[in-house]
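Student: Take this structure, written in structure tokens, and hold onto it; I'll ask about it next.
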Amino acid sequence: MDAAEIHRRLRDKLGNSVLPEIKENEWPVIGVLPAAIAESCRLLRDDPETAFDCLSNLTAVDRKTDDLIDVYYHLYSYGHRHKVNLKVSCPRLDPALPTVSTIWPIGDWLEREAFDLMGVNFIGHGDLRRLLMPEDWVGHPLRKDFVEPEEYHGISTRRESLLKL
Amino acid sequence: MSTTSIEIGLERETPAGLETEEMTLNMGPQHPSTHGVLRFVVKADGEIMRRAIPDIGYLHRSIEKISEKVGYHGFMPYTDRVDYVSAMQCNQGWAIACESLAGIEVPRRGEYCRVIACEFGRIASHLISVGATAMDIGAFTPFTHALREREKINDILEELCGARLTFNYMRIGGCAWDIPPGFIKRATAFLDAFEPLIDEYNELISFNKIYTERMGNVAPVSAELAIAWNLVGPNLRGSGVKYDVRKDEPYSVYPEFDFDVPVGEGKMGEVGDCWDRYMVRMDEMKESCKILRQALGGLPEGPVVAKVARTFKPPVGEAYVRVEGSRGDMGWFVVSDGTAFPVRTHIRTGSYSAMAIVEVLSQGLMIADLIAVIASLDIVAPEVDR
Amino acid sequence: MSLINTLPETVVTSKVDDVLNWTRKSSVWYMLFGLACCAIEMMQTGGPRSDLDRFGAVPRATPRVSDLIIVSGTLTLKMALRTKLLYEQMPDPKYAISMGSCANCGGLFQLAYSVCDGVDKVIPVDVYVPGCPPRPEALTEGLLKLQDKIQQERWLVRAPESAAV
């Protein structure tokens, strides 16, 4: 099934929660409003015509200039060999999205990673802890305005260059 | 928490006067049998695990953030370190992602050089994997056999690009160097010597009774479970799903080569058990040899690298590219804003999902089997953490 | 032919320190402690071609019986605290080799927010092996340098302030 058809089906069911334009690409990008992302994922997985059984990737992107955080969901269907990329934009101050970890189990870790590194809150996740950074780490390091701490547990994070004599 | 997590009843009859309680064991981050710095918190009832909770991030080197500071060309050496066991495919993934952003076409000879480098890398990686699996199970000798051959591949790749492990061979638009004189002869000689050795390994370990008992029927993953957890590459094929990015979403010049996609058949138990995952890697080495022979034989003439500006500024947009790494389908996501530095790079790797599924797979297994599961999933720490 | 009764009773004179050091340096047991890329090269150093066993260095699985810790690879802040703990668990006399640029000074990952720039911020280092990653030959050379160092140590006659080793 091609992207336009997937887009049409989604819009039939969810109306204006799915943005009207579609960006043709190798992974066609369909914009979705934050509140509808979990619902559209569920529809896309459960509809036997689309059957997106795999969440290939989930990435959060910090668009500091637009004051937004974009989250990309790359969905793939092993049955039909088609693919789509759902894109959600949420405000940078308090990014919050409904979880997809109940739809695809791998979403659990991918969302924890996005929370850890970018500070996106996934509502309904249930176990939203840091995944990669230590539990006592402060801040979300992949944000553009993240400042590296001077030291961590007494270990300084700076090193004098040996070339500056 | 997740839809597919299984609740296994481990309640057994406890003789009167005896009490049992759940034991929490810590495995790693320094543990000789976890590949690299992985940590598991094992909740066990005696020898039987209720579950093993993976704790990752001990090798989180912020490679994704570094890409935002060093630019497109400068990021190439870092891609080696995403998966140091088989760095070539990571090189290729990044190069293809950038090329697809900017619409660059790679010369055919460059593509062939890439394929040659990648397939040698795949053999080298699978050798480490099968050798380490055998070592973790308790057989040290196969590991030395595997390393002996890996050293020879290291020599070949060193000839190609000057490095043994972290190659930095590919460039956006092609490869850094053409193949050196006499390379084809030496590479073919290696293949001639290596192909019979795969059968020797099979005789030595794969069909060894102790080995098959230890690996067969342990932690089978059904095809549905594998797809839901986004298992990729040999782990997915071990579960019987015939899917290879090189075949099903072709990139580079892979459609020109004739090779098979081995899948797990459940010869030693259920489909998708540890032995199947292991055996898929063995068979893939043979397929890689096949591809290598065709690529070495049909190497076209011409340049190996296209003309690409030094300050590489791709147009605004995003690209998500998947290549078949040694640990499977590796996704490279790049967002460009038109400047010389990417806005965001995200690498979705095979070991990441393999690590995530351990929590489900470990339920009800013996503690010793956890080692077999990790080894058969071929988890490499930097790929999990990046 | 048996050697018994064929040689006169042989006496070799040497210093006690020399004999002690010679025995110690010939059985440097290193801990299996792979961190990152260099761990693969460390594995190959112990492998069939360069064979570190020739110099009496064999891998041990636990810090409790190891003499040497080879810090092979990038040390993240999360791992740094554990590395310190591991080093403290080793019995004296103990040695440390810092293998590769990352362990020496942070190397390629000096730009990173989560990396400890150099293992010498956490534990004392005896030998630094440069390279990214160092070849097996380089690590072997590092071990030989460490053996030289061990050979020169003095146990019986030494200054009082260095008595607490």
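The values are calculated or read from the model by the stated rules, or taken from the named source; none is laboratory data. As the structure is a prediction and not an experimental result, all values here were calculated from the model. As a convention, Cβ positions derive from the backbone with ideal geometry for all residues, glycine included, and neighbour counts pool all protein chains shown. Remember, those area values only see protein heavy atoms, side chains included, never the ligands or the DNA or RNA. Shrake-Rupley method; radii C 1.70, N 1.55, O 1.52, S 1.80 Å.
Student: Averaged across A:129-140, how many Cβ atoms of other chains sit within 10 Å of each residue's Cβ atom? Could the numbers behind the result be given before it?
Tutor: Details: counts 0, 1, 8, 13, 8, 9, 3, 0, 5, 0, 1, 0.
Rounded to a whole number, the mean comes out at 4.
Student: Could you report the buried accessible area between C and A, both sides summed, computed with a 1.4 Å probe and given in Å² to the nearest 100? Don't jump to the answer; show the numbers that get you there.
Tutor: Working: alone 10010 and 9630 Å², together 18400 Å².
Its buried surface, counting both partners, is about 1200 Å².
Student: Now, a different point. Can you give the net charge of the other residues whose Cβ lies under 13 Å from the Cβ of B:A44, counting K and R as +1 and D and E as -1?
Tutor: Computed value for this residue: -2.
Student: Can you list the residues, at least 5 places off or on another chain, whose amide H is less than 5 Å from the amide H of A:F122, using H built in the peptide plane?
Tutor: A:L97
Student: Next question. Leaving ligands and nucleic acids out of the surface, order B:T166, C:T23 by accessible area at 1.4 Å, largest first.
Tutor: On the way: B:T166 15, C:T23 65 Å².
From most exposed to least exposed: C:T23, B:T166.
Student: Simple spin-label model, 7 Å along Cα-to-Cβ: B:K43 to B:E265 in nm?
Tutor: The modelled label-to-label distance comes out at 4.0 nm.
Student: Would you grab the residues whose amide H sits under 5 Å from the one on B:R344? Only those 5+ places off in sequence or on another chain, please, with H modelled 1.01 Å from N.
Tutor: B:V335
Student: A further question on this structure: Using a Förster distance of 51 angstrom, determine the FRET efficiency expected from the C-beta separation of C:T23 and B:N26, and round it to 0.05.
Tutor: Result of the calculation: an efficiency of 0.90.
Student: Let me ask you something else. Convex hull over the alpha-carbon atoms of the protein assembly as shown: what's its volume per residue in Å³? Please list the in-between numbers first.
Tutor: Working: hull volume 156.0 nm³, N = 716.
Considering the Cα atoms of the protein assembly as shown, their hull volume per residue is 218 Å³.
Student: Further, regarding this structure: Keeping all protein chains in place and using 1.4 angstrom, which order do C:R64, B:R214 fall into by accessible surface area, from largest down?
Tutor: Working: C:R64 150, B:R214 60 Å².
Largest to smallest exposure gives the sequence C:R64, B:R214.
Student: May I ask you to evaluate 6.51 cos²θ - 1.76 cosθ + 1.60, the Karplus curve with θ = phi - 60°, for each residue of region B:280-293 and list the ³J(HN,Hα) values in order in whole Hz, giving x for glycine and proline?
Tutor: Ordered by residue, 3J(HN,Hα) equals 4, 5, 4, 5, 5, 4, 5, 5, 4, 4, 4, 4, 4, 4 Hz.
Student: Rounded to whole Hz and in sequence order, give me ³J(HN,Hα) for region C:73-79 from the Karplus expression 6.51 cos²θ - 1.76 cosθ + 1.60, θ = phi - 60°, writing x for Gly and Pro.
Tutor: Calculated HN-Hα couplings, in order: x, 5, 9, 7, 4, 5, 7 Hz.
Student: What's the angle, to the nearest 10 degrees (0 to 90), between helix A:3-14's Cα axis and the longest principal axis of chain A?
Tutor: Helix A:3-14 sits at roughly 90 degrees to that axis.
Student: Calculate the all-directions average of the projected area of chain A's alpha-carbon convex hull, and give it in nm². Mind dumping the intermediate values first?
Tutor: Numbers: hull surface 49.9 nm².
Projected over every direction and averaged, the Cα hull of chain A covers 12.5 nm².
Student: Then there is this: What FRET efficiency comes out for the pair C:V65/B:E158, r = Cβ-Cβ distance, R0 = 30 Å, nearest 0.05? Present the calculation step by step, with values, prior to reporting the outcome.
Tutor: Values: r = 35 Å, r/R0 = 1.18.
The pair C:V65/B:E158 has a calculated efficiency of 0.25.
Student: To the nearest Å, what is the center-to-center distance of region B:93-155 and region C:21-39, using C-alpha atoms only?
Tutor: Region B:93-155 and region C:21-39 have Cα centres spaced 28 Å from each other.
Student: Applying the Karplus parametrisation 6.51 cos²θ - 1.76 cosθ + 1.60 with θ = phi - 60° to the phi angles of region B:328-343, what ³J(HN,Hα) value in whole Hz is obtained for each residue in order, glycine and proline being reported as x?
Tutor: Coupling constants for region B:328-343: x, 2, 10, x, 10, 10, 10, 10, 10, 10, x, 8, 7, 10, x, 6 Hz.
Student: Buried by at least 40 Å² relative to the chain on its own: which residues of region B:222-255 qualify, computing accessible area with a 1.4 Å probe on protein heavy atoms?
Tutor: By number: B:I227, B:A228, B:W229, B:N230, B:Y243, B:E249.
Student: Give me the distance between the Cα centres of region B:304-343 and region B:252-298, rounded to whole Å.
Tutor: Taking the Cα centre of region B:252-298 as reference, the centre of region B:304-343 is 28 Å away.
Student: So what are the radius of gyration and Dmax for the Cα set of region B:63-348, in Å?
Tutor: 19.0, 59
Student: Another one. Near B:G325, within a Cβ-to-Cβ distance under 10 Å, what is the net charge of the other residues, with Lys and Arg +1 and Asp and Glu -1? Please list the in-between numbers first.
Tutor: Values: positive: B:R122, B:R322, B:R327; negative: B:D83, B:E324, B:D329, B:E383.
Around B:G325, the surrounding residues sum to -1.
Student: Hey, what's region B:63-348 come to in accessible area per residue, 1.4 Å probe, Å²?
Tutor: Working: 8910 Å² over 286 residues.
In whole numbers, region B:63-348 has 31 Å² accessible per residue.
Student: A follow-up question, please. Under a point spin-label approximation (7 Å from Cα along Cα-to-Cβ), what is the C:E137-A:D46 distance to one decimal in nm?
Tutor: 6.5 nm
Student: Could I ask something else about it? Of A:H82, B:H145, which has the most accessible area and how do the rest follow, probe 1.4 Å?
Tutor: Values: A:H82 10, B:H145 40 Å².
Descending order: B:H145, A:H82.
Student: Using a probe of 1.4 angstrom, how much of the accessible area of region A:101-142 is carbon and sulfur, in percent?
Tutor: 55 percent
Student: Still on this structure, please answer the following. Near B:R164, within a Cβ-to-Cβ distance under 13 Å, what is the net charge of the other residues, with Lys and Arg +1 and Asp and Glu -1?
Tutor: After counting each charged neighbour, the total is -3.
Student: Right, another one. Summarise the partner chain shielding of C:44-50 as one whole number: the mean count of Cβ atoms from other chains within 10 Å of each residue's Cβ.
Tutor: Average per residue, whole number: 5.
Student: Could you report region A:3-156's accessible area per residue, 1.4 Å probe, as an integer in Å²? Don't skip to the end; give the middle numbers.
Tutor: Values: 6030 Å² over 154 residues.
Heavy-atom SASA per residue in region A:3-156 reads 39 Å².
Student: Next question, about the same structure. Please give the average number of partner chain Cβ atoms lying within 10 Å of the Cβ of each residue in C:125-132, rounded to a whole number.
Tutor: Working: counts 0, 0, 0, 0, 0, 0, 0, 6.
For peptide C:125-132, the averaged partner shielding equals 1.
Student: If you don't mind, another one. Return the carbon/sulfur percentage of the accessible area of region B:308-364, one whole number, probe 1.4 Å, all protein chains in place. Please list the in-between numbers first.
Tutor: Working: 710 of 1320 Å².
After summing per-atom areas, the C and S share lands at 54 percent.
Student: If you don't mind, another one. Taking the radius of gyration and the Kirkwood hydrodynamic radius from Cα positions alone, what is the Rg/Rh ratio for region C:13-147, to two decimal places?
Tutor: Details: Rg = 14.7 Å, Rh = 14.9 Å.
Rg/Rh for region C:13-147 comes to 0.98.
Student: Taking R0 as 41 Å, what FRET efficiency do you get between A:D12 and B:L204 from their Cβ-Cβ distance, rounded to the nearest 0.05?
Tutor: Details: r = 59 Å, r/R0 = 1.44.
Efficiency at R0 = 41 Å is approximately 0.10.
Student: Using protein heavy atoms only (no ligands, DNA or RNA), what is the total accessible area buried between B and A, 1.4 Å probe, nearest 100 Å²?
Tutor: The summed interface area works out to 3600 Å².
Student: Then there is this: Could you state the angle between the C-alpha long axis of helix B:141-161 and the longest principal axis of the C-alpha atoms of chain B, as a value from 0 to 90 degrees rounded to the nearest 10?
Tutor: 20 degrees
Student: Between the chain alone and the structure with every protein chain in place, find the residues of region B:137-156 that drop at least 50 Å² of accessible area; heavy atoms, 1.4 Å probe.
Tutor: Going by heavy-atom accessible area, the residues of region B:137-156 that drop by at least 50 Å² are B:L147, B:E151.
Student: Could you tell me how far the Cα centroid of region C:57-92 sits from the Cα centroid of region B:157-224, in Å?
Tutor: Between the Cα centres of region B:157-224 and region C:57-92 lies a distance of 31 Å.
Student: While we're looking at this one, here's another question. Could you order peptides B:340-348, C:139-147 by the average number of other Cβ atoms within 10 Å of their residues, highest first? Show your work: numbers first, answer last.
Tutor: Numbers: B:340-348: 22.2, C:139-147: 20.0.
In descending order of packing, they fall as B:340-348, C:139-147.
Student: Where does each of C:84-91, B:266-273 land if you order them by average Cβ count within 10 Å, highest first? Don't skip to the answer; put the middle values down first.
Tutor: Details: C:84-91: 15.4, B:266-273: 19.6.
Listed from highest to lowest mean packing, they are B:266-273, C:84-91.
Student: Per-residue counts of other Cβ atoms within 10 Å, averaged by peptide: what ranking do you get for B:42-50, B:217-225, highest first? Don't skip to the end; give the middle numbers.
Tutor: Numbers: B:42-50: 16.4, B:217-225: 19.6.
Ranked from most to least packed, the peptides come out as B:217-225, B:42-50.
Student: What are the residues whose amide H is under 5 Å from the amide H of C:V115, where those residues sit 5 or more places off or on another chain and H is modelled from the backbone?
Tutor: Residues meeting the amide H criterion: C:L77.
Student: Moving on to the next point. Checking an interface number: how much accessible area is buried between B and C, summed over both chains, with a 1.4 Å probe, in Å² rounded to 100?
Tutor: Details: alone 15930 and 10010 Å², together 22800 Å².
For chain B against chain C, roughly 3100 Å² becomes buried.
Student: Okay, moving on. How large are Rg and Dmax for region B:55-121 when only the alpha carbon atoms are used, in Å?
Tutor: Rg, Dmax (Cα atoms, Å): 13.3, 43.
Student: Apply the Debye scattering formula to region B:153-203, with a single equal point scatterer on each alpha-carbon and no solvent, then give log10 I(q)/I(0) at q = 0.13, 0.15, 0.27, 0.31 Å⁻¹.
Tutor: Rounded to two decimals, the profile gives -0.41, -0.52, -1.01, -1.12.
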